[in-house]
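Notes to accompany the following structure.
No lab work stands behind these numbers, since they all come straight from the coordinates. Everything quoted here is computed from the prediction, not taken from an experiment. Every residue, glycine as well, gets a Cβ built from its backbone with ideal geometry; the counts of neighbours run over all protein chains shown.
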Amino acid sequence: RTPADLTGRALGVARAAAGHRPDALIVACNTATVHALPALRAALEPAIPVVGTVPAIKPAAAPGGRVAIWATPATTGSPYQRGLIRDFATGARVTEVPCPGLADAVERGDAAAIAATVAAAAALTPADVTDVVLGCTHYELVETAIRAALAERTGGAELRYHGSAEPVAVQALRRLGALPEPGLPRTGTLTVLLSGEEGALPAAALGYAEGRLLAGEGAPVGS
């Protein structure tokens, strides 16, 4: 899809969500954020705070090591990601690793395709990498597989992994003027919108601990 198409689709999804009068909108997609965040904020703020999700390049580059950014092809090489690298990674050696098909494989819960796409991305990752940015929210669901593939690639070196889930949650609470309260009982509900209409959580989501948590099953997932 073109950036214009991505922006149009993100606006359509955001407007459908806004119809449910949320306190905030989290754009839980790096690709949508890097292409559509300004348009989403122009359309919804200040009535609804919009929180984007960007690759965690700044904390990954801070130690000054060798950073690999795993992301979708649409995010890899985008002006937004290149801007983050320029602004926050001048002291690190950065390699952008496109992962075509990985997000789709995760979304389908296709174990064979996940293994194949993770292996292909690992082969593009420098063997001396020190920090890995999981630049797509889907990738954190298969972090165990990614860690295993890169352990083989790097000879078992201890790598630092940087996801977006926790920083985005903290930022959302900050925009709402709230504080983290993990001890509170889980009383929330889940509404799934598919093309703007209410539907069910896709069955493939239940293959992941996070999906089962959303469905009200199992124990809380650690960060």
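Structure data summary
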{"read-out": "Globularity index of the chain, i.e. its alpha-carbon radius of gyration over 2.2 N^0.38 Å", "value": "1.03"}
{"read-out": "Sequence-separation-based contact order of region 57-164, relative, with Cα cut under 8 Å and 6+ spacing, percent", "value": "33"}
{"read-out": "Using θ = phi - 60° and Karplus 6.51 cos²θ - 1.76 cosθ + 1.60, couplings along region 70-77 (whole Hz; Gly, Pro as x)", "value": "7, 7, 5, x, 6, 8, 4, x"}
{"read-out": "Cα centroid separation - region 81-111 against region 133-168, whole Å", "value": "11"}
{"read-out": "Degrees, to the nearest 10: 30-44 long Cα axis against longest axis of the chain", "value": "30"}
{"read-out": "Whether region 57-164 is rounded, prolate or oblate, judged on the alpha carbon gyration tensor where a/c under 1.5 counts as rounded", "value": "oblate"}
{"read-out": "Nonlocal amide H pairs with Y161, under 5 Å, H built at 1.01 Å", "value": "V132"}
{"read-out": "Cα-based helix-to-principal-axis angle, 111-123 vs the chain, degrees rounded to 10", "value": "50"}
{"read-out": "Mean separation of Cα contacts under 8 Å (6+ apart) over length of the chain, as relative contact order %", "value": "19"}
{"read-out": "Acute angle (nearest 10 degrees) that the helix 79-88 long axis makes with the longest principal axis of the chain, alpha-carbon atoms", "value": "60"}
{"read-out": "Two-site FRET efficiency, D87 against R1, from Cβ-Cβ distance with R₀ of 35 Å, rounded to 0.05", "value": "0.85"}
{"read-out": "Lys, Arg +1 and Asp, Glu -1 on Cβ, resulting dipole of the chain about Cα centre, debye, nearest 20", "value": "500"}
{"read-out": "Cβ-based charge dipole, the chain, positive-most Cα from A157, T75, T187", "value": "T75"}
